[in-house]
Amino acid sequence: MALDFAAAAAVGKRLRTAAPADEGKDDPDWSGAHVLHLALPTVEWPRGRPVLTRTPTRYRGTGIRTIRIVEQS
């Protein structure tokens, strides 16, 4: 999803203030910050958008609802 200016500013702020250890990497994670912002509650989505992911533990402690995607053989 495209970010408007306010959303892009919020994602940028999250990336600036996140410690590398928070993401478990040397560099901040743009896609993770983007997902966190889009999954937060809004007027249109009062409970927030659920995140479809193979790694739901990545979002533990964020308050974001996840739906695990299981790879099928």
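The values are calculated or read from the model by the stated rules, or taken from the named source; none is laboratory data. Worth saying up front: this structure is predicted, and the values here are computed from it rather than measured. Every residue, glycine among them, receives a Cβ derived from its backbone with ideal geometry; neighbour counts consider all protein chains shown.
Tell me, yes or no, whether region 38-52 has at least one residue that is at pLDDT below 80, surrounded by 14 or more Cβ atoms within 10 Å (Cβ to Cβ), in a loop (DSSP other than H, G, I, E, B) and under 14 Å from the mean Cα position of the chain (by Cα).
Within region 38-52, not a single residue is at pLDDT below 80, surrounded by 14 or more Cβ atoms within 10 Å (Cβ to Cβ), in a loop (DSSP other than H, G, I, E, B) and under 14 Å from the mean Cα position of the chain (by Cα).
Filtering region 53-62 down to residues that are part of a loop (DSSP other than H, G, I, E, B) and in contact (Cβ under 8 Å) with a residue 12 or more places away in the chain, which residue is farthest from Asp29 (Cα to Cα)?
Top of the filtered list is Arg54.
Out of everything in region 53-68 that is surrounded by 12 or more Cβ atoms within 10 Å (Cβ to Cβ) and not hydroxyl-bearing (Ser, Thr, Tyr), what residue ends up being modelled with the lowest pLDDT? Don't jump to the end; show me each part of the working.
Initial filter on region 53-68 (surrounded by 12 or more Cβ atoms within 10 Å (Cβ to Cβ)): 53, 56, 58-59, 62, 64-66.
After this cut, where a residue has to be not hydroxyl-bearing (Ser, Thr, Tyr) as well, the list is 56, 58, 64-65.
Values: Pro56: 89, Arg58: 84, Ile64: 87, Arg65: 91.
The selected residue is Arg58.
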